[in-house]
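Each reported figure results from applying straightforward, stated rules to the coordinates on display, with no laboratory input. Computed from a predicted model, the values in this text were never measured in an experiment. Here the Cβ positions follow ideal geometry from the backbone for every residue, glycine too, while neighbour counts run over all protein chains shown.
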Amino acid sequence: MADVSKNLKVYTTYGPKSAKGTKPAIVAKMIEKAKRPLFVVGSDVLEEKLLACAQTIAKKGIPVAATGHSIKGFIDEEGVDAKYINIHSLGTFLCDPKWDGLDDNGCYDLIILLGHKKYYINQVLSGLKNFSDLKTINIGRHYTQNATMSFGNTTPEVHLEALDELIDNL
């Protein structure tokens, strides 16, 4: 079992409210309980092994918001509902409780993030943390303090092991 709930404060600054460390099994349960989850992937997801994990997660029926040029990894993938959107626009839309979502079926209640630059996504998450009630989970390789929950800082090998465990639990 990959323990990615440790090593949380390295390379980050402290604030009054930081993300809790989480494990893959807990993330899987939260995804299963969510009414409207959204899987937000960034351009770092295009690394071959990471992309395979992301596609498998998306095939579990979770809609994908592809940011940056990550849409390349999902365009021709069968069984994946992926739409392109700019991450800053998405952050703004997610703060609006009247937004109908990317598919016009209503607001999302859980945001799962993977493949983003830490310094970039942390700013978007800061807006979501302060101006919405959304739960956000970073399943990326680096601890992201402005998410509700986050994996800790890990090596690429341990990170892939954690993603495989998450997939197995979905």
Practice problem: Can you tell me what the convex hull of the Cα atoms of the stretch 41-84 projects to on average, as an area in nm²? | Solution: 2.5 nm²
Self-check item: Percent of Cα-Cα distances greater than 20 Å, calculated over the stretch 78-147
Solution: 26 percent
Quiz prompt | Phe131 versus Ile85: modelled label distance in nm, points set 7 Å from Cα along the beta carbon direction | solution = 1.4 nm
Quiz item: How fast does the stretch 53-170 diffuse by Stokes-Einstein, in µm²/s, taking the Kirkwood radius from C-alpha pairs at 10 °C and 1.306 mPa s?
Solution: 107 µm²/s
Practice problem: Mind checking the full-extension length gain between Glu78 and Tyr120? Use 0.36 nm per residue of separation minus the Cα-Cα distance, one decimal, nm. | Solution: 12.2 nm
Quiz item: With labels modelled as points extended 7 Å from the Cα through the Cβ direction, what inter-label distance (nm, one decimal) is found for Ala52 paired with Asn169?
Solution: 2.2 nm
Quiz item: Picking from Val158, Asn146, Asn169, whose Cα lies most toward the positive end of the charge dipole for the stretch 121-170 (charges on Cβ: Lys, Arg +1; Asp, Glu -1)?
Solution: Asn146
Quiz item: Using 7 Å Cα-to-Cβ label points, what is the Asp103/Lys29 separation (nm, one decimal)?
Solution: 2.6 nm
Quiz item: Once you charge only the Cβ atoms, +1 for Lys and Arg and -1 for Asp and Glu, what is the size of the charge dipole of the chain about its Cα centre, to the nearest 20 debye?
Solution: 780 debye
Quiz item: Taking a ≥ b ≥ c as the square roots of the eigenvalues of the Cα gyration tensor of the stretch 16-104, is the shape rounded (a/c under 1.5), prolate (a/b larger than b/c) or oblate?
Solution: rounded
